[in-house]
Every structure is written in C-alpha cells, then in structure tokens.
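*Asks:* Take a look at this one; I'll ask things after.
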Amino acid sequence: MHEDRRDKNLRRRLTSWVDGEREPKDQTLFVMEQRPPRRARQTEEEFERKDRDRLQKFFNWYPAAAAVICLVMVAVLLIAVMNMPGFGQADNPINNEVSDRYLKHGREETGSENAVTAMIVGYRGFDTFGESCVMFLAVAAVMILLAREEHRPADADTEEPEEERADLILEQAARPLIPFMLLIAAYMLLHSETTPGGGFSGGTLLGAGLILTSAAFGAESAQRLLSRRQYSAVRTFGLLAYGLLYGAYIFIGANGLQNHLTRLFLLLDLAVGLVVACTIYGFYALFSRGRI
Amino acid sequence: MIVLEYILLAGVIGCAIAAPLCRRLLASVIVYITMALLMAVLWALLQSPDLAITEAAVGAGVTGILFLLTLKRIHALRDRSDA
Amino acid sequence: MLEDILQNRYAVTAVILFGVGFANLMLQQNLLRKVLGFNIMDAAIFLLLASLGYIDGGVAPIVGDRGFDPLYINPIPSGLALTGIVVSVAITAFALALIQRIYRRYGTIELRELLELAKKEDD
C-alpha cells in the first residue's frame with residue numbers, strides 16, 4: 001500500500017518532468033521555487049539589432065575616448081618630464097655607484113673593456129639568458145603560425161609563394177657585399193670586448209648576411225649554407241651553450257677570479273650571437289617562404 | 001652639434017607622425033624605416049655606439065624587411081590605392 | 001618653460017613619440033598600422049632610456065688603456081635598451097605572423113570588416 005503510493009507519486013513526477021511542467025509546489029526545492037518565470041526569448045532580429053546598436057555605439061564613442069585617454073596620458077607624462085633632473089648632468093640620480101662600479105671594475109671582473117657588453121653578458125647575463133629564451137620561443141611561435149606542411153600540396157587558401165627570380169642588380173650588388181657583412185659580423189662577435197657591438201649586433205649582422213644570401217641567390221644556396229636540420233641544431237646549441245656556460249660562469253665565481261674568465265666571456269658572446277643570428281634568419285625564412 | 005640634434009629630434013617626431021598617416025601601407029613602412037635610421041644617428045650622438053649599430057641593423061633593416069614581406073603576403077604592394 | 005623643454009629635449013621627444021604611437025595603436029583601423037604604432041612606442045622608450053644615461057662631455061663606455069681619465073656615459077641604460085630592441089623585433093615578428101594568418105583566413109586586415117566577418121562566421 002505504502003509502496004504503491006510512493007510508486008505512483010514518483011511516476012507522476014516523472015511524467016510531469018518529461019512533459020516539461022513545473023513541479024507542484026509541495027515537492028519543489030526551496031531554491032527551485034525562487035526561479036524567476038521565464039521571459040519570452042527575444043527574436044533573432046531583435047537580438048541582432050541590439051547587438052548592432054551596441055557595436056555602433058561603441059564605434060561612436062571609442063575614438064573620442066581613445067583620444068582623451070591619449071591626451072591625458074601625454075599631459076601627465078609631460079608634467080613628469082618637466083620635473084625630471086636635467087639632461088646630461090653628471091650628478092643625476094641615475095649615475096650612482098652601480099654604474100661607477102661597472103666602469104671601474106668591469107674590466108678585471110669580466111675581462112671586457114666595453115662596459116655595455118660587460119654588463120649584458122657578464123653582470124646581467126641571467127637577463128640575457130631570459131632574452132635568448134624569448135627569441136627561441138618567438139621563432140617557435142612564428143614557425144607554428146607560418147610553417148607550411150611539406151607533405152600537403154598547396155591549398156587554395158595557402159597558395160605556394162611563387163619562386164620569383166632574383167634581380168640582376170640585387171645579385172650583382174650582393175656578391176661583393178656578403179663577404180664584408182659576414183666579416184664585420186665575425187669581427188664584432190670575436191672582438192666585442194674592446195669595440196662597440198657584441199652578441200646582439202654581431203648576431204644581427206650575421207643573420208642579415210644570411211638573409212641577403214637567401215634573397216639574392218635563392219633559397220637553395222642559403223639552404224646549402226644552413227640547412228633546416230643544421231638550423232635547428234645551431235639554434236638549440238646556442239641556447240644550451242649559453243645556459244651551460246653562464247651556469248659555469250656563475251659557479252666558478254664571476255666575482256673575484258680575474259683574468260681566467262676572458263675566454264669564457266668570448267664564448268658566451270658567441271653563443272648569444274648564434275641565437276640572435278638564427279632568430280633573425282629564421283624570421284626571414286618563415287616570412288618569405290614558409291620554411292627554413 | 002646642438003643644431004643637428006634639434007634637426008634630428010624634429011625629424012624623428014615628424015616621421016613618427018607621418019608614418020601611420022600615409023595612405024599607402026608601403027609608404028608608411030618606408031617612413032617608419034626612415035624614423036629608425038634617424039633614431040640610430042641620435043644614439044650615435046648620445047655616445048651609445050652599441051645601440052646605434054643594433055638599431056640600424058635591427059630597427060631599420062630586419063623590422064623593415066619583415067614589414068615588407070608581410071605587405072607582400074597580404075597583397076598590399078600591388079594596388080596603388082590604400083590597401 | 002621653454003628653458004625646461006630645451007633642457008629635457010630628449011625626454012619631451014620621447015613623450016611625444018609615445019603619445020603618437022599610443023594614439024595609432026588605439027585609433028588605427030588597420031592592424032599593420034597598429035603594429036607600426038607599437039614600434040614607435042618602443043622607439044620612444046629606448047630613446048628615453050638612452051638619453052637618461054648620457055652625461056655631457058662623456059664618451060662611449062669603452063674602458064681602454066687611456067692615459068687620461070675621461071668621463072664615461074652610464075652603461076646601464078644602454079644595455080637595457082639593447083636588450084629591449086632585440087626583444088621588440090621578436091614581438092613585431094610574432095604580431096606580423098598573426099596578421100598574415102588573419103589575412104589568410106579572412107582576406108582583410110581592417111578591424112571593422114574583420115569584426116563583421118567574425119560575427120557572420122559565428123552565426
């Protein structure tokens with residue numbers, strides 16, 4: 001008897017649930033009771049019109065708001081600039097003991113006469129390591145976005161870039177230029193302790209030489225110089241070498257041991273140069289033909 | 001020397017304002033490259049040769065090349081009007 | 001006032017460049033020009049950094065065997081800006097790669113058309 005009633009009750013609830021009716025009052029939960037009655041759905045057109053209105057309003061207001069924000073920001077910055085210490089005075093707060101130490105002791109502590117390079121590769125090498133990682137990842141990201149699959153034939157939306165013929169003028173101009181570019185890049189990389197330039201500038205020039213080779217003599221000659229496999233190897237090797245060497249540099253005591261570290265400094269600089277050169281060339285190759 | 005500084009600073013500001021206002025994208029990119037080169041000269045005046053070399057190679061050279069390649073990819077080099 | 005501006009001419013230039021770049025970043029409808037504005041902002045910050053490190057009469061900080069003791073400029077802002085320049089190229093390349101993908105998908109890089117196309121695709 002009791003069983004039967006419960007059974008019937010359950011069945012009633014089930015049917016009413018299937019039919020989509022609201023549950024009877026005495027069996028609803030407290031939370032369910034507070035549910036607001038459903039409003040009629042807005043029609044598709046109404047929704048679209050409202051959306052367009054909102055977008056239109058946004059586009060009407062956006063330029064004015066952006067201009068106001070820009071002007072306010074420039075005004076605030078100008079006021080700040082007016083209160084800055086004068087340009088080019090030796091007793092400005094920025095010229096404190098840190099730069100003094102870099103200039104006075106940088107030479108014996110890192111073995112580099114160029115204080116900027118000493119700072120980048122020596123004192124703040126960890127920063128540079130992070131930056132090398134950024135470049136490595138940037139090439140990887142661009143590769144994900146732009147690299148074409150080798151096995152898949154060209155689709156309609158990813159048209160194969162036509163292999164344009166190299167310009168005669170470009171070719172003739174590049175022929176004498178490339179050796180000098182590579183030479184000056186090597187000079188900057190190997191001689192960064194005593195002259196301006198260093199890993200970044202030298203690496204960029206090295207990459208620029210590769211770019212010029214690739215642009216003037218076609219992709220094949222550049223690939224002969226640096227194939228895809230070699231490219232990946234060099235890129236990874238540069239980053240790993242920098243990490244390992246800088247770790248060693250820290251652990252054998254960057255502070256204190258004087259001239260033992262000069263060679264290591266050169267190697268660190270070379271590693272940064274390799275990473276930067278590979279990054280620059282990789283960007284060009286991926287942008288122009290979609291593969292290394 | 002200070003006159004050269006003023007000329008360069010004015011040139012940098014002028015290029016920066018003009019660069020995105022050009023009607024053709026190609027012109028925009030070229031004016032931007034000009035700005036980067038002027039900036040490199042400014043840095044040489046400020047006694048930072050490392051910065052000047054890097055900016056001339058990277059800011060003017062590589063960034064310009066990347067922009068131009070992108071322009072070619074998005075077919076903005078062919079038509080004469082705004083892309 | 002004018003004295004101050006002439007005194008801090010590099011910083012004022014940097015602020016103006018920053019404002020120009022920021023306005024372009026916000027107001028331009030073309031994605032490529034947004035990236036250009038972004039690059040101009042970059043340049044402004046590097047200019048400010050490099051001008052902060054300059055000392056009147058200073059020379060480039062290459063500490064050689066110089067007989068006299070010259071005044072060197074501050075190497076720290078130069079180093080920071082050098083790092084920043086190279087990173088800015090990486091960021092520009094990434095942004096441009098994204099723009100190429102957007103063009104390949106939608107066939108335009110104008111922001112409004114993109115919004116409309118994306119909305120149409122949503123429906």
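*Asks:* Go through the stretch A:94-125 and report how many residues are part of a helix (DSSP H, G or I), more than 7 Å from chain C (Cβ to nearest Cβ) and surrounded by fewer than 18 Cβ atoms within 10 Å (Cβ to Cβ).
*Replies:* Applying the first criterion (part of a helix (DSSP H, G or I)) to the stretch A:94-125 yields A:97-110, A:115-123, A:125.
After this cut, where a residue has to be more than 7 Å from chain C (Cβ to nearest Cβ) as well, the list is A:97, A:100-101, A:104-105, A:108-110, A:117-118, A:121-123, A:125.
Then keep just the ones that are surrounded by fewer than 18 Cβ atoms within 10 Å (Cβ to Cβ); that gives A:97, A:100-101, A:104-105, A:108.
Residues meeting the conditions: 6.
*Asks:* Consider A:Cys70 carefully, then state whether it is more than 9 Å from chain C (Cβ to nearest Cβ), open to solvent by less than 80 Å² (accessible area, probe 1.4 Å), in a helix (DSSP H, G or I) and at pLDDT 90 or above. Break it down stepwise before answering.
*Replies:* Details: more than 9 Å from chain C (Cβ to nearest Cβ): no; open to solvent by less than 80 Å² (accessible area, probe 1.4 Å): yes; in a helix (DSSP H, G or I): yes; at pLDDT 90 or above: yes.
So A:Cys70 fails the test.
*Asks:* In the stretch C:63-72, is there at least one residue being buried (at least 23 other Cβ atoms within 10 Å of the Cβ), facing another protein chain (nearest Cβ under 7 Å) and either β-branched (Val, Ile, Thr) or part of a helix (DSSP H, G or I) (or both)?
*Replies:* no
*Asks:* May I ask you to say which residue of C:Ala14, C:Ala50 is surrounded by 21 or more Cβ atoms within 10 Å (Cβ to Cβ) and either acidic (Asp, Glu) or more than 7 Å from every other protein chain (Cβ to nearest Cβ) (or both)? Walk me through it before giving the result.
*Replies:* Details: C:Ala50 fails: either acidic (Asp, Glu) or more than 7 Å from every other protein chain (Cβ to nearest Cβ) (or both).
Of C:Ala14, C:Ala50, the one residue that is surrounded by 21 or more Cβ atoms within 10 Å (Cβ to Cβ) and either acidic (Asp, Glu) or more than 7 Å from every other protein chain (Cβ to nearest Cβ) (or both) is C:Ala14.
*Asks:* Run down A:Thr28, A:Thr43 and say which single residue is modelled with pLDDT of 75 or more and among the β-branched types (Val, Ile, Thr). I'd like the intermediate steps shown before the answer.
*Replies:* Numbers: A:Thr28 fails: modelled with pLDDT of 75 or more.
It is A:Thr43.
*Asks:* Moving on. Does A:Glu33 satisfy being modelled with pLDDT of 80 or more, of a type in the set (Asp, Glu) and open to solvent by less than 100 Å² (accessible area, probe 1.4 Å)? It would help to see each step written out before you state the result.
*Replies:* On the way: modelled with pLDDT of 80 or more: no; of a type in the set (Asp, Glu): yes; open to solvent by less than 100 Å² (accessible area, probe 1.4 Å): yes.
Answer is no for this residue.
*Asks:* I'd like to verify a number: residues in the stretch B:6-30 that are open to solvent by less than 30 Å² (accessible area, probe 1.4 Å) and either under 10 Å from the mean Cα position of the chain (by Cα) or within 14 Å of chain A (Cβ to nearest Cβ) (or both), how many?
*Replies:* Going through the stretch B:6-30 one residue at a time, the tally reaches 8.
*Asks:* Working only within the stretch A:126-139, note down all residues that are open to solvent by less than 20 Å² (accessible area, probe 1.4 Å) and either closer than 15 Å to C:Ile76 by Cα or touching a Lys or Arg at 6+ places or on another chain (Cβ under 6 Å) (or both).
*Replies:* Keep residues of the stretch A:126-139 that are open to solvent by less than 20 Å² (accessible area, probe 1.4 Å), which gives A:128, A:131-132, A:135, A:138-139.
A:Thr128, the sole residue that qualifies.
*Asks:* Looking at (1) within 30 Å of A:Gly106 (Cβ to Cβ); (2) without any contact (Cβ under 8 Å) to a residue 40 or more places away in the chain; (3) outside any loop (DSSP other than H, G, I, E, B), can you tell me which one C:Asp56 breaks?
*Replies:* Looking at each condition in turn, C:Asp56 falls short on (3).
*Asks:* Looking at the stretch C:74-122, which of its residues are part of a helix (DSSP H, G or I) and among the polar types (S, T, N, Q)?
*Replies:* We begin by selecting, within the stretch C:74-122, every residue part of a helix (DSSP H, G or I); these are C:75-106, C:111-122.
If the condition is that a residue be part of a helix (DSSP H, G or I) and among the polar types (S, T, N, Q), then C:Ser78, C:Thr83, C:Ser88, C:Thr92, C:Gln100 are the ones that fit.
*Asks:* To continue, here is another question. Go through the residues of the stretch C:107-121 one by one and say whether even a single one is at the interface with chain A (Cβ under 9 Å from one of its Cβ atoms), open to solvent by 10 Å² or more (accessible area, probe 1.4 Å) and in contact with a Ser or Thr (Cβ under 8 Å, 6 or more places away or on another chain).
*Replies:* No: the stretch C:107-121 contains no residue that is at the interface with chain A (Cβ under 9 Å from one of its Cβ atoms), open to solvent by 10 Å² or more (accessible area, probe 1.4 Å) and in contact with a Ser or Thr (Cβ under 8 Å, 6 or more places away or on another chain).
*Asks:* Which helices (runs of 4 or more DSSP H) sit wholly inside the stretch A:183-292 and have at least 1 residues that are among the hydrophobic types (A, V, I, L, M, F, W, C) and buried (at least 23 other Cβ atoms within 10 Å of the Cβ)?
*Replies:* Details: elements: A:199-225, A:228-251, A:262-289.
Where helices (runs of 4 or more DSSP H) fall fully within the stretch A:183-292 and carry at least 1 residues being among the hydrophobic types (A, V, I, L, M, F, W, C) and buried (at least 23 other Cβ atoms within 10 Å of the Cβ), they are A:199-225, A:262-289.
*Asks:* OK, next. List every residue pair whose Cβ atoms sit under 7 Å apart, with the two residues 6 or more apart in sequence or on different chains, where the first one lies in the stretch B:48-69 and is facing chain A (nearest Cβ under 8 Å) and the second, anywhere, is of a type in the set (Phe, Trp, Tyr) and open to solvent by 20 Å² or more (accessible area, probe 1.4 Å).
*Replies:* Every condition considered, the pairs that remain are B:Ile65/A:Tyr284.
*Asks:* For the stretch C:22-47, how many residues are within 30 Å of C:Tyr106 (Cβ to Cβ), touching a Gly at 6+ places or on another chain (Cβ under 8 Å) and more than 7 Å from every other protein chain (Cβ to nearest Cβ)?
*Replies:* The total comes to 4.
The values are calculated or read from the model by the stated rules, or taken from the named source; none is laboratory data. Since the structure is predicted, the reported quantities are computational estimates derived from the model, not experimental observations. Backbone-built Cβ (ideal geometry, glycine too); neighbour counts: all protein chains shown. The area values use the complete protein model at the heavy-atom level, side chains included, leaving out ligands, DNA and RNA. Shrake-Rupley method; radii C 1.70, N 1.55, O 1.52, S 1.80 Å.
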